[in-house]
Amino acid sequence: MSMLRRRKGSEIEKDSKLNLKEDENLDGEDENKRKVKEEKKKKKEENKKKWNCFDNCCWFIGLICSVWWFLLFLYNAMPASFPQYVTEAITGPLPDPPGVKLQKEGLKAKHPVVFVPGIVTGGLELWEGHQCADGLFRKRLWGGTFGEVYKRPLCWVEHMSLDNETGLDPSGIRVRSVTGLVAADYFAPGYFVWAVLIANLARIGYEEKTMYMAAYDWRISFQNTEVRDQTLSRIKSNIELMVATNNGNKVVVIPHSMGVLYFLHFMKWVEAPAPMGGGGGSDWCAKHIKAVMNIGGPFLGVPKAVSGLFSAEAKDVAVARAIAPGVLDKDLFRLQTLQHVMRMTRTWDSTMSMIPKGGDTIWGGLDWSPEEYYECSHKRHKHNDTDLAADKGTEHVDSQTKSLPYGRMISFGKDVAEAPSSKIERTDFRDAIKGNNYANGSCNDVWTEYQDMGIGGIKAVADYKVYTAGSLLDLLHFVAPKMMKRGDVHFSYGIADDLDDPKYKHYKYWSNPLETKLPNAPDMEIYSMYGVGIPTERAYVYKVSATSDCYIPFQIDTSAEGETEGSCLKGGVFTTDGDETVPVLSSGFMCAKGWRGQTRFNPSGIQTYIREYDHAPPSNLLEGRGTQSGAHVDIMGNFALIEDVIRVAAGATGEELGGDQVYTDIFKWSQKIDLQL
Amino acid sequence: MASILRFRKLCYVEPVSKPSLGFESFESSKTGLKEDKGSVVDDSPCVDVSLTKEVQTDKKRRRSKEPREWRCIDSCCWMIGCLCTTWWLLLVLYHSMPMNMTLPGYQAVESPGAKLKKEGLTAFHPVILVPGIVTGGLELWEGKPCAEGLFRKRLWGGSFSELFKRPLCWLEHMSLDNETGLDPPDIRVRAVPGLVAADYFAPGYFVWAVIIENLARIGYEEKNMHMAAYDWRLSFQNTEVRDQSLSRLKSKIELLFVNNGYKKVVVVPHSMGVAYFLHFMKWVEAPPPMGGGGGLGWCAKHIKSVMNIGPTFLGVPKVASNLLSAETKDIAMARAMAPGIFDSHVLGIQTLQHVIRVSRSWDSMVSLLPKGGETIWGNLDWSPEEGFICDQAKKNYFQASKHNVSQQTNTSDGKQGFRIEEPVHYGRLISFGKETSQLPSSELQPFDYKGHEHINKKSSCQEVWTEYDEMSRESLEEIADKKAYTAKSVIDLIRFVAPKMMHRAEGHLSYGIAENLDDPKYSHYKYWSNPLETKLPEAPDLEIYCLYGVGIPTERSYVYKMSSSDNCKHVPFRIDSSADGSDNGCLKGGVHFVDGDESVPVISAGFMCAKGWRGKNRFNPSGSTTYLREYQHKPPANYFEGRGVGSGAHVDIMGNFALIEDVMRVAAGATGEELGGDKIHSDILSMAARINLPL
């Protein structure tokens, strides 16, 4: 026995020594020693066993971390040109970015450039907050990583909302826009907005002294940015400074999205006399502005804004919604989330600036719409491209037989959307009495005004069946009277009969191109640059939602689909041509017809140019969001657009760019619109 | 029975982990047991093992070896995993910790913002912040291929990660052109604009952030607060030439003035920003081609007060030694970071040369050279600070003994004994050798610059441009031989060792004292940032504050030596760090210290407010009021205070609650009188009295 032991144990010196010792004193003592020894071992092994699971976990985490760090190290040690090299190896040599290309052509920075960001793309930071927002001083609440949305969602919503009554700061909260180029260069890390354009402009010599980001708080109404932050005064002073320090070269203004309306407002404001306006005198624009290059401008509003206000269901006006699903589980908290989002967005006056303007004249009535024969089934082609036209010839005939009910911006039920107008029975909702059925529900803290409506009101709304752009306003006044009351002070959606009427001196008309005259600046140029070729929301099919608790009572009827493959109706939404957010009609009409030549809206005959950019999705993953995209925000990375902007900034005129560049039927559609010019 | 139990336990324990040990014992116990209680053993699953033990043993050995080999990596991974997990755990705990949790026993001082808000103060005057040297961020707008991907990334400020990744590329982009002092070709590095320019210098290292946060408490935001960021590497006039920074500042002030109901602005410059704003005030009233054309009275109309924090009105001695040998302690932050990258023994020499090269291309460095020459800074025999006692303990003792003296008049000779026998010659800004610094002036010979010319000698280190390569060893030795240099002659010395730099810089800056301020030559911009060669603007209501920390030893003059090596890759002079004084502790490591805020001596920060501009005199013709506010340095009481709420150090003073409170009160409308007028801890008044400057 001991022999055996010795044989096995000889490997370990210590053990063999012990064994020898054991040989000397056998029996009892031996037993005792063994006991002690084995207990020790037992403990050891028990230890081992107890630690095993934790051990493994640690080991695993450690391994992952090490690998991660190693990869990170490799990534950081990688030469900066490596990704480009890989891309080139796969796709062949890349085209030069426009900045490099034009630098080689010898273009130099000439006109100072002013960027006007749109809605949601500008960052907002906290300057004063409630207790729950401690430690967030001068941290971004909007833009960046949105870390706070996840950490303290309710606190975040509270700080992002404005006051219901005034549309200004709630008490004890000050959220202000970030200033400088950082305000909107990237919306979130890696998601560029202006960054590509800035980088390309920098190539030909632009820098902070010749580039200015006119950041403003995009939540409040345009005039309120001046009242609260003096933003318009700042823009005026900065433009004057840049013109003065750049040898008198006028500025090129590049507004994007809602920034287009904001800048329209600015141009009226700056020339208006002092108490309401900026007092720059009637030739301020002529003296300071060379060109306004509107990118994706919703001149006449966006249908999406309506559905956003009506049921918080539009796709990206409230980006918050895209973020929300991650925070609040859809099935559990969805109702509350939507209501919170709705409550928040309804305090923002700016969303009301994008309600469709011009009513039935522009957007079409019950029976007609400017785009009614648009084909969604195939990609639109350039007009002189005969091959494509021949291919699609048959379909052409098919789809042209049936017009699309775009004019009915909201219809309750698919059948109603497509029925001839004579067959729709409508009961007027305007005088309906609002019930008070569930006012004392459990959801009083969420303010959406739907609680005040009651079942009677909801039924009345649904019974009216069809809403055009004109009656939509009445609908919104009906479902959200407080909000619209606030908004009516700042915005107007009509068409002016007589532009010289003194009432149009009020600032609420300034951002509506159909109720203002362009400034007196014959040398100025106005560009309308936008993407085309992406289905864009234009009209909606709604239903009354089934639940009767404190839920938003209407929702898009996602079951409504068109019969044919290439139908324009998908998931309850009629789509038309546009840049995914703004329909062509809204972005192009003013430059195509409303301001073309010397009209009553454009008394000094400012030159207008339409530049459309056909959407081409990124060809591979390495291109990111694409260099030929036509999507509303991604177009800011479109090389063709950037090239146009740089050329104009370096001194070219619209004629030198090649005048209009049109892919859609915008001129044909504009013809159908019967607007007195 | 006990042994059986034990044995069974052993069996159930899977013996994979430690077979060599476990097996042996189980053999022994097993054989012993089999004789008595075989039945029990049969029940146990160990029977199989016992039967095939030979095979098993072999297998297990093999298996046991595999984990053995993994052991090292294994435990490494385990360690890292453990650390990560605990780290995350702590992070989660930290994040879920309520914000206002305070540690027991730790009483946080109420911030001045909260305090003054309770008093009912609200934003009144717009505030302009003017950052100083090195604290402002710089970003890249155009670079060489080596800086690819850094477009609009910070080269200066922030994490300085590029400095570590590509040091030479970084140095190349941070330098300016040697000849013009402007951008080198194909490189554009620009100041970061906005409050972010200088709120934090590096992550967690605040500069203006605390002041901004406190001002925000009483209602300030970007519409009534502006950071006048500029490229601090350029000479002041060049910021206008290249970036129109001065025009922008003018337009911004005018805008703030109008937008805030025609309320004048309160300007808060810090460090070199003080000189920059002085330049601005002259520029804005000067006629257009050279100035801003605001017309006389612009400052009176737009500026309520200028609250200079840690002002460098008369320059900083530190800069002289920095330009000579790149050896000061913190003006060039790069040096503090350098040791991490370049080992000081292997590459240290190169690093120093690179730092010299880069900082000599910055005109602004030259603007910080001591101004006013011997009149202000003292000559070979005297200096205004003479008799300053450095050692705090001794000073206290002195005060105590002085106190005693006044009580017991007969101990006067005892006091004599304490008095410094050989007064420190602060006037000798740079002396070669410790004994030189103490010699009577009659034994010193002035250095004759004639006959010493730069010779172009072919050297192996031409890519590093410091101009030292072009000097002969003899000239260098001549410079060093028992020479001492005063504030006046040190400029000649720098002019001699770095003629190109000084030639460039002297087109923009001047260091003298004006005899006659009405001389038309003083309308040139090079005099505008020197308070001794300009008049303050015509603005009788303007208030000028000098706010600075005191109570920290501050570099005032240096003991140098020749460095031994004859290698051309070497800066030929260096501070003689072996020179330590024994008398009263003013000399340490080759540096003489005086009172100040660690960077700026009291004399430079306070003299103009204490004497130069006090009352109506030729430098201050309209009699703008001046206030002197000193803040006694208090090191942070405990770890939680961070850099301290009572600090007097040059940059940390921006977090000093007393100073912030003063700034906020003035911004909210108070006058200097309401603050309490002067608040003086140092001997600035008696020092100023010793300076014989015609007023």
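Note on region A:218-243: among residues that are hydroxyl-bearing (Ser, Thr, Tyr) and out of contact with any Gly (no Cβ under 8 Å at 6 or more places or on another chain), the one that is nearest to the other protein chains (Cβ to nearest Cβ) is A:Ser237. Only a single item in (1) modelled with pLDDT of 90 or more; (2) within 21 Å of A:Ala195 (Cβ to Cβ); (3) crowded, with 20+ Cβ neighbours inside 10 Å is not met by A:Ser629, and it is number (1).
Between B:Val274, B:Val284, B:Val316, B:Val306, the distinction of being crowded, with 24+ Cβ neighbours inside 10 Å and farther than 17 Å from B:Trp613 by Cα belongs to B:Val316 only. In summary, helices (runs of 4 or more DSSP H) completely within region A:578-677 and bearing 2 or more residues that are in contact (Cβ under 8 Å) with a residue 12 or more places away in the chain and among the acidic types (Asp, Glu) occur at A:639-649. Filtered by the rule that a residue be of a type in the set (A, V, I, L, M, F, W, C), within 11 Å of another protein chain (Cβ to nearest Cβ) and free of Cβ contacts under 8 Å to residues at least 40 places away in the same chain, region B:106-164 gives B:Cys146, B:Ala147, B:Leu150, B:Phe151.
Can you say whether A:Ile220 is in contact (Cβ under 8 Å) with a residue 40 or more places away in the chain and not in a helix (DSSP H, G or I), as far as the supplied structure shows? When the stated conditions are applied, A:Ile220 passes them.
Total residues in region A:199-217 satisfying the condition of being in a strand (DSSP E or B) and either under 14 Å from A:Gln103 (Cβ atoms) or out of contact with any Gly (no Cβ under 7 Å at 6 or more places or on another chain) (or both): the figure is 2.
Do any helices (runs of 4 or more DSSP H) entirely within region B:168-260 hold 2 or more residues that are more than 9 Å from chain A (Cβ to nearest Cβ) and touching a strand residue (DSSP E or B) at 6+ places or on another chain (Cβ under 9 Å), and if so, which?
B:209-217, B:245-259
Report yes if B:Ile494 is under 28 Å from B:Val559 (Cβ atoms), part of a helix (DSSP H, G or I) and touching a residue at least 40 places away in the same chain (Cβ under 8 Å), otherwise no.
yes
Among the residues of region B:317-373, those that are out of contact with any strand residue (DSSP E or B) (no Cβ under 6 Å at 6 or more places or on another chain), modelled with pLDDT under 75, assigned to a loop (DSSP other than H, G, I, E, B) and farther than 24 Å from B:Gly606 by Cα comprise B:Ala326, B:Phe342, B:Asp343, B:Ser344, B:His345, B:Val346, B:Leu347. Note on region A:124-155: residues that are away from chain B (no Cβ under 13 Å) and either β-branched (Val, Ile, Thr) or buried (at least 20 other Cβ atoms within 10 Å of the Cβ) (or both) amount to 5. Restricted to helices (runs of 4 or more DSSP H) entirely inside region A:227-302, those with at least 2 residues that are within 27 Å of the chain's Cα centre (by Cα) are A:231-245, A:258-271. Residues in region A:111-167 that are among the polar types (S, T, N, Q) and either under 30 Å from A:Ile289 (Cβ atoms) or not in a helix (DSSP H, G or I) (or both): A:Thr121, A:Thr145, A:Ser161, A:Asn164, A:Thr166. Take the residues in region B:287-298 that are touching a residue at least 60 places away in the same chain (Cβ under 8 Å) and over 18 Å from B:His508 (Cα atoms), then tell me which one is surrounded by the most Cβ atoms within 10 Å (Cβ to Cβ). Restricting to residues being touching a residue at least 60 places away in the same chain (Cβ under 8 Å) and over 18 Å from B:His508 (Cα atoms), the top hit is B:Trp298. Within region A:168-181, the set of residues being over 22 Å from A:Val243 (Cα atoms) and at the interface with another protein chain (Cβ under 8 Å from one of its Cβ atoms) comprises A:Arg174, A:Arg176. In the set (1) more than 21 Å from A:Cys285 (Cβ to Cβ); (2) assigned to a loop (DSSP other than H, G, I, E, B); (3) not polar (S, T, N, Q), A:Ala496 fails one condition alone, (1).
The values are calculated or read from the model by the stated rules, or taken from the named source; none is laboratory data. From a predicted model like this one, the values you see are computed outputs, not experimental measurements. Note: ideal-geometry Cβ built from the backbone for every residue, glycine included; neighbour counts use all protein chains shown.
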